[in-house]
Amino acid sequence: MKKLLQYLFEHKTLSREKAREVLLQMSGGQFNESEIASFITVFLMRSITIEELHGFRDALLELSVKVDMNGHEVMDIVGTGGDGKNTFNISTLSCFIVAGAGQQVAKHGNYGASSVSGASNVMEQLGYRFKNNTDELKKELDAANICFLHAPLFHPALKVVGPIRKNLGVRTFFNMLGPMVNPATPAYQLVGVYNLEMARIYNYLLQETGNAFTIIHSLDGYDEISLTNDTKVITNTGERIMTPEQLGKRMVTAEDIYGGNTVEEAAKLFTRIIKGEGSWAQNAVVLANAAMALYCTGKYNSYETAYSAAVESLETRKAFKALEKLINLQ
């Protein structure tokens, strides 16, 4: 590792194969915590290259526990995290609205590394039991239209770096990898990114998969549709800027979408919103993200019809029923 770090400190970059090799060695326990922390820090000092991200992704997928969804065309809605905004669990709530609207979801998530409550924190708090048994996950999918894939159970390499990421408390290239390594290989993806450079890299990588995707970036730095500013929307077919009014009928403030100070607070907020008892602003943000996800599937002829389906899912409590069914299976 010493030689490798020296190489990187000289502003050199890794080939795809070398990046793959390093991550394989890391997950095999060949480096100590200080070495791993130093390695991660390199990519906080400079941008990661597409080759490097490709290589890291290759390694994670190679080592991952495979999930065969048996022909189910699932969707994932995920933000890279690391935007430092500490919003409530918008992506996870959107997943349940999408499931309530009839689209199956295999949500890939983890504990928060740079926020109070990541998707895994809130799901655990709500009573979900993490698992990587394909039959159980498919049972959840059939009953509730949604299952949850806790990343460390599927990616041994993430288990190794988890405590280090938590101690660093800042976004790392693992934030970037999360949305790219869902073991259920979703047919549709809504991916939120924290800056435009990441949007460019994701666009390149996702075009290669051939699957339907939408990348979103709020121009004031959120990795989701925040409705606090305009949103850059990138799909297989092009890109455009959309306003809060176009996406969610209104603009909101940063305070409106704050996520609380503890996991318990985040879970209470989550439950309130999914029951349809959220504030106007909270509902608007969740509905906008869910609508964009539904629209990404190509099953709706306009964003507006997808938005109506999201509203119906929340207001008729179909989203809440999806959560109830999922938790009852635990």
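Quick check: anything in region 230-248 assigned by TED's automatic domain parsing to the domain that holds ASP142, in contact (Cβ under 8 Å) with a residue 60 or more places away in the chain and in contact with a strand residue (DSSP E or B) (Cβ under 8 Å, 6 or more places away or on another chain)? Yes, that holds for at least one residue. Filtering region 267-305 to residues that are touching an Asp or Glu at 6+ places or on another chain (Cβ under 7 Å) and under 19 Å from GLU73 (Cβ atoms) leaves nothing.
Going through (1) over 20 Å from the mean Cα position of the chain (by Cα); (2) closer than 20 Å to THR235 by Cβ; (3) of a type outside the set (Val, Ile, Thr) one by one, LEU287 falls short only on (1).
Pairing residues of region 205-222 that are more than 24 Å from THR49 (Cβ to Cβ) with residues that are among the aromatic types (Phe, Trp, Tyr), at Cβ distances under 6 Å and at least 6 apart in sequence or on separate chains, gives ALA212/TYR188.
The set of residues in region 271-295 being under 13 Å from ILE225 (Cβ atoms) and aromatic (Phe, Trp, Tyr) consists of TYR295 alone.
Summed over region 9-21, the residues that are surrounded by fewer than 19 Cβ atoms within 10 Å (Cβ to Cβ) and part of a helix (DSSP H, G or I) give a count of 5. The residue of region 38-62 that is surrounded by the fewest Cβ atoms within 10 Å (Cβ to Cβ), among those that are within 23 Å of the chain's Cα centre (by Cα) and among the aliphatic types (A, V, I, L, M), is LEU44. Among the basic types (Lys, Arg), closer than 18 Å to ALA212 by Cα and in contact with a Phe, Trp or Tyr (Cβ under 7 Å, 6 or more places away or on another chain): is that true of LYS107 in this structure? Yes: the conditions hold for LYS107. Filtered by the rule that a residue be closer than 24 Å to ASN70 by Cβ and either modelled with pLDDT under 95 or part of a strand (DSSP E or B) (or both), region 104-114 gives VAL105, ALA106, LYS107, HIS108, GLY109.
Checking region 57-72 against the condition returns a match, with at least one residue being of a type outside the set (A, V, I, L, M), in contact (Cβ under 8 Å) with a residue 60 or more places away in the chain and over 26 Å from PHE96 (Cα atoms). The C-beta contact set for region 158-182 (first residue without any contact (Cβ under 8 Å) to a residue 12 or more places away in the chain, second residue part of a loop (DSSP other than H, G, I, E, B) and surrounded by fewer than 22 Cβ atoms within 10 Å (Cβ to Cβ), distance under 8 angstrom, 6+ apart or interchain) is empty.
Please determine whether any residue of region 286-298 is without any contact (Cβ under 8 Å) to a residue 60 or more places away in the chain, in the same structural domain as ASP142 (by TED's automatic domain parsing) and of a type outside the set (D, E, K, R). There is at least one residue in region 286-298 that is without any contact (Cβ under 8 Å) to a residue 60 or more places away in the chain, in the same structural domain as ASP142 (by TED's automatic domain parsing) and of a type outside the set (D, E, K, R). One residue stands out in region 229-268 among those that are more than 20 Å from ALA293 (Cβ to Cβ) and aliphatic (A, V, I, L, M): the one that is surrounded by the fewest Cβ atoms within 10 Å (Cβ to Cβ), namely ALA254. Among all residues of region 157-165, there is none that is within 24 Å of LEU205 (Cβ to Cβ), assigned by TED's automatic domain parsing to the domain that holds ASP83 and touching a Lys or Arg at 6+ places or on another chain (Cβ under 7 Å).
The values are calculated or read from the model by the stated rules, or taken from the named source; none is laboratory data. Because the structure is a prediction, the values reported are computed rather than measured. Cβ: placed from backbone, ideal geometry, glycine included. Neighbour counts: every protein chain shown.
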